Amino acid sequence: MSPPEIDVLIIGGGPAGVAAALALRQQGIAKVVLLEREAELGGATRHCSHSPFGMREYHRVLFGSAYGRRLAADASQAGVEVRTQHSVVRFDGAASVLVSSPRGVETLSAKRIITATGARETPRAARLLAGERPIGVITTATLQAYVAFHGLMPFRRPLIVGSELVSMSAILTCLSHAARPVALIEAQSHLMARAPIRWLPHLLGIPVHRQTTLADIWGRERVEAVTLQTGKELRKVACDGVLLTGQFIPEAALFLNAPCGVQQGSAGPLIDQDGRLANPLHFAAGNVLRGIETGGWAFREGRAVGHAVAQDLRNGPAREEAIPVAYAAPIKLVVPGALRNSLLALPAFTTFQLRVSHRVRGVISLHLDGVPVWEKQAQWLPERRILVPIPARARSARTIEFRFQEKC
């Protein structure tokens with residue numbers, strides 16, 4: 001059987017996928033094919049009609065749509081073979097995928113495959129929200145697609161559910177298109193976004209209700225009002241839409257029926273420090289690995305994994321067994337979730353990325369073969385990136401474990 005003509009096949013044309021493709025071409029990898037299910041590259045950034053994007057990558061402040069066009073232009077200039085409107089149906093064999101496109105269904109094989117399919121917000125059904133089902137209950141991504149591609153604003157006085165960075169993006173999208181949120185609610189006792197961006201609703205005079213949940217949605221044809229619950233108190237608030245923001249989950253459907261599956265904590269594929277999956281010919285990068293990170297973070301991560309794959313093509317695939325990283329609540333996830341004694345001189349990941357499930361105060365520590373090698377005490381907040389350096393000797397450890405000890 002002849003070897004595949006494609007050196008590296010990349011699934012996903014957002015910042016991580018494009019950055020991986022650019023890194024591979026810069027490293028002299030000849031045949032790099034990038035598959036994107038939409039008609040254009042850029043991923044979710046194309047929907048964002050606001051800035052800032054591209055500050056670290058391009059040293060310029062770009063709007064989301066301009067950032068997406070820049071990614072597409074860079075891919076074209078670098079000689080990446082881009083195939084838009086191509087959806088991967090499933091992994092097929094060791095290094096092949098079944099692809100659907102306007103020209104039909106085909107199987108593509110490659111020497112290496114990188115998955116960079118990103119993440120998506122949790123929709124209404126998965127949030128188990130009660131109430132009527134009128135028009136006007138949407139996610140931020142849907143809102144921004146309406147605005148960016150169709151010039152439509154589906155409401156004028158929406159309620160915003162959530163307080164992550166994307167929630168602030170939703171506020172900017174509303175205000176820039178003649179809509180003003182009636183309030184922002186957050187189930188936690190604190191807002192999720194970092195300062196100073198979390199001050200945005202206060203500065204704009206948008207009411208913020210913490211420790212508040214959405215109990216009911218009212219309206220027959222369109223949203224007319226919602227019932228909010230704070231503790232035992234219920235109150236009805238008039239609005240014409242509900243904007244569900246955040247609670248991102250990896251777009252990892254391809255892995256659900258694959259042998260490797262997904263991790264329970266991250267809901268994304270398990271990778272090692274090179275971005276490699278259990279199948280040594282498969283890699284992953286960007287927001288498919290865990291909840292959401294910024295476009296710039298995904299770009300840098302994709303670039304790092306691209307460089308690792310270029311090294312791997314020269315050295316040959318790793319054969320060592322991966323050692324899983326153990327952890328327990330309140331630690332929610334660890335990326336990378338395993339380490340190998342790899343042959344690659346420059347790993348894609350030099351730090352572990354941790355997150356906790358809820359706000360806690362205490363000591364997080366890293367143990368190799370039962371010996372503590374790193375620890376830090378702090379108040380840890382959910383949906384905040386926690387970075388822990390990966391010690392060089394961790395790759396040869398027999399056990400790798402993160403522990404948490406609560407402190408008052």
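The values are calculated or read from the model by the stated rules, or taken from the named source; none is laboratory data. Model, not experiment: these values are computed from the prediction. Positions of Cβ are backbone-derived with ideal geometry, glycine not excepted, and every protein chain shown enters the neighbour counts.
Points worth noting:
- Filter result (free of Cβ contacts under 8 Å to residues at least 60 places away in the same chain, closer than 16 Å to Glu406 by Cβ and in a loop (DSSP other than H, G, I, E, B)) within the range 330-357: Ser357
- Applying the set (1) out of contact with any Ser or Thr (no Cβ under 7 Å at 6 or more places or on another chain); (2) more than 16 Å from Ile323 (Cβ to Cβ) to Pro372 leaves exactly one unmet item: (1).
- Among the residues of the range 188-218, those identified as buried (at least 17 other Cβ atoms within 10 Å of the Cβ) and closer than 17 Å to Pro123 by Cα are Leu214, Ile217.
- Inter-residue pairs, beta-carbon under 6 Å, first assigned by TED's automatic domain parsing to the domain that holds Ile185 and on the phi > 0 side of the Ramachandran plot and in the range 203-230, second part of a loop (DSSP other than H, G, I, E, B) and among the hydroxyl-bearing types (Ser, Thr, Tyr), 6+ apart: Gln211/Ser189
- Enumerated helices (runs of 4 or more DSSP H) restricted to the range 1-109, each holding at least 2 residues that are at pLDDT 85 or above: 15-26, 64-78
- Flag if Ala141 is touching a strand residue (DSSP E or B) at 6+ places or on another chain (Cβ under 8 Å), at pLDDT below 95 and closer than 30 Å to Ile6 by Cα: no
- Residues satisfying the stated conditions in the range 60-89, i.e. in contact (Cβ under 8 Å) with a residue 60 or more places away in the chain, under 17 Å from Ala116 (Cβ atoms) and under 20 Å from the mean Cα position of the chain (by Cα): Tyr67, Val88
- Residue ID - farthest from Ala225 (Cα to Cα), chosen from residues in the range 121-174 that are outside any strand (DSSP E or B) and acidic (Asp, Glu): Glu164
- Residues satisfying the stated conditions in the range 383-408, i.e. surrounded by 18 or more Cβ atoms within 10 Å (Cβ to Cβ) and either in contact with a helix residue (DSSP H, G or I) (Cβ under 9 Å, 6 or more places away or on another chain) or farther than 19 Å from Val371 by Cα (or both): Glu383, Ile386, Ile400
- Among residues of the range 4-16 that are closer than 11 Å to Val288 by Cα, those with a Cβ under 7 angstrom from a residue that is of a type in the set (D, E, K, R), sequence gap 6+ or separate chain, pair up as Gly12/Glu36; Ala16/Glu301.
- Screening the range 274-303 for residues that are among the β-branched types (Val, Ile, Thr) and in contact with a strand residue (DSSP E or B) (Cβ under 7 Å, 6 or more places away or on another chain) and picking the one that is surrounded by the most Cβ atoms within 10 Å (Cβ to Cβ) gives Val288.
- Subset of the range 145-161 (residues that are surrounded by 24 or more Cβ atoms within 10 Å (Cβ to Cβ) and either under 20 Å from the mean Cα position of the chain (by Cα) or among the polar types (S, T, N, Q) (or both)): Val161
Yes/no matrix, rows are residues, columns are (1) touching a Cys at 6+ places or on another chain (Cβ under 8 Å); (2) of a type outside the set (D, E, K, R); (3) over 23 Å from Gly54 (Cα atoms):
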residue: Ala258; (1), (2), (3): no, yes, yes
residue: Pro269; (1), (2), (3): yes, yes, yes
residue: Asp274; (1), (2), (3): no, no, yes
residue: Pro280; (1), (2), (3): no, yes, yes
residue: Leu289; (1), (2), (3): no, yes, no
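- Criterion applied to Ala183, Ala73, Ala170, Ala145 was being touching a Ser or Thr at 6+ places or on another chain (Cβ under 6 Å) and farther than 30 Å from Pro280 by Cα, and the one residue passing it is Ala170.
- Residue that is farthest from Val147 (Cα to Cα) [pool: residues in the range 179-235 that are among the basic types (Lys, Arg) and not in a loop (DSSP other than H, G, I, E, B)]: Arg235
- Note on the range 100-129: among residues that are in contact (Cβ under 8 Å) with a residue 12 or more places away in the chain and more than 19 Å from Ala253 (Cα to Cα), the one that is surrounded by the most Cβ atoms within 10 Å (Cβ to Cβ) is Arg112.
- Some residue of the range 309-327 being assigned by TED's automatic domain parsing to the domain that holds Leu344, part of a loop (DSSP other than H, G, I, E, B) and buried (at least 19 other Cβ atoms within 10 Å of the Cβ): yes
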